[in-house]
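Participant: Dumping the structure here so I can ask a few things about it.
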Amino acid sequence: SWPRVSPDGRLVVYGTTVQGLDVLWVKPLDSVDGRPIPNTTAEETPFWSPDARFLAFFDKGKLKRIDVSGKGQPQTLADAIQARGGDWNHDDILIFATDTGLSRIRADGSQLTTVTTIDKERGEFSHGWPEFLPDGQRFFYVVRSTQPEHSGIYLGSLASKTPKRILPAFSRATYAAGYLLFARDGALMAQRFDERTETLSGDAETLAVMVKQHTASDAAFDVSDNG
């Protein structure tokens, strides 16, 4: 799995192999030393709790959470067939992708509900890689469709069923410090995004090159809440 930075910008987690097993590895950004997190798998990229105390991760079709300290066993929260990323807001609501669209659940495993449903009439076959805006209600996610005009990075909401298309489906996108970040043709891009008007402005600027990515899917970058 690819790297995710903790919301406070102190830690990074990513997948590695320890004694033949793919596990999650966490390390401070200001140190070369890190450690494995026992009882985790790195088959898909995890995501952080807002306070950086917990990680949500995917394991054999299940969404689980675990203490980053490595103490205790993971808690299974929900089924997550064909997992495609997720995010965790300040109200302790997790949003994650399944084979039918996006779902939400509370961090204690309660109140599982559907957020988006794949629309086959629009050629859709995948919703994934949701990332909350700071308000914890709206979120970006990637829609993949056999009809190019319906593929894209969309802005959805926990309170509304009417999403808004923001960009073509270059890669997963995430927001911080007034910018929308995404990968395009192996480059990490940043473009100004107005939260109030929900619009992009100016040209996208290149922040880094030779970035690993799967088109219209995950990409090997992340950004903390403080940018």
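Participant: Hey, which of these cross-link pairs are over 26 Å Cα-Cα: Lys64/Lys164; Lys120/Lys161; Lys60/Lys164; Lys27/Lys64?
Facilitator: Result: Lys64/Lys164; Lys60/Lys164 exceed 26 Å.
Participant: Where does each of 170-177, 150-157, 103-110 land if you order them by average Cβ count within 10 Å, highest first?
Facilitator: Averaged packing, sorted descending, gives the order 170-177, 150-157, 103-110.
Participant: Oh, and also: Expected output is a single nm value to one decimal: the length gained when fully extending between Leu21 and Asp91, i.e. 0.36 nm times separation in residues minus the C-alpha distance. What is it? Intermediate results must be reported in sequence, preceding the final value.
Facilitator: Working: separation 70, 0.36 × 70 = 25.20 nm, distance 3.34 nm.
Working it through step by step, the gained length comes to 21.9 nm.
Participant: Run through the stretch 33-81 and list the trypsin sites (Lys or Arg not before Pro) located in a DSSP loop whose Cβ has at most 14 other Cβ atoms within 10 Å. Don't skip to the end; give the middle numbers.
Facilitator: Details: sites: Arg53, Lys60, Lys62, Lys64, Arg65, Lys71; in loops: Arg53, Lys60, Lys71.
Those that pass, being in a loop and sparsely packed, are Arg53, Lys60, Lys71.
Participant: Okay, moving on. Where nothing but the Cβ of Lys and Arg (+1) and of Asp and Glu (-1) is charged, how large is the charge dipole of the stretch 169-227 around its Cα centre, in debye to the nearest 20?
Facilitator: Dipole of the stretch 169-227, to the nearest 20 debye: 140 debye.
Participant: Next question. Stretched out fully, how many nm does the piece from Lys71 to Asp51 gain, at 0.36 nm a residue minus the Cα gap?
Facilitator: 5.5 nm
Participant: If you roll a 1.4 Å probe over the chain with all protein chains in place, what percent of the accessible area is carbon or sulfur? Intermediate values should be presented prior to the final figure.
Facilitator: Numbers: 5240 of 10840 Å².
Solvent-exposed carbon and sulfur of the chain make up 48 percent of the total.
Participant: Under a Cβ-only charge scheme (Lys and Arg +1, Asp and Glu -1), can you give me the dipole magnitude of the chain about the Cα centre, in debye to the nearest 20?
Facilitator: The dipole magnitude comes to about 300 debye.
Participant: What size of dipole, in debye to the nearest 20, comes out for the stretch 92-227 about its Cα centre when the only charges are +1 on Lys and Arg C-beta atoms and -1 on Asp and Glu C-beta atoms?
Facilitator: Rounded to the nearest 20 debye, it is 240 debye.
Participant: Counting only heavy atoms of protein chains, what accessible area per residue, in Å², does the stretch 38-120 have with a probe of 1.4 Å?
Facilitator: Numbers: 3670 Å² over 83 residues.
Heavy-atom accessible area per residue stands at 44 Å².
Participant: Positive end of the charge dipole of the chain (Lys, Arg +1 and Asp, Glu -1 on Cβ, about the Cα centre): tell me which of Ala183, Gly156, Phe125 has its Cα farthest that way.
Facilitator: Farthest towards the positive end: Phe125.
The values are calculated or read from the model by the stated rules, or taken from the named source; none is laboratory data. Note that the structure is a prediction, hence the values are computed from the model and not measured. Cβ atoms come from the backbone with ideal geometry, glycine included; neighbour counts cover every protein chain shown. Only protein heavy atoms, including side chains, enter the accessible area calculation; ligands, DNA and RNA are left aside. Shrake-Rupley method; radii C 1.70, N 1.55, O 1.52, S 1.80 Å.
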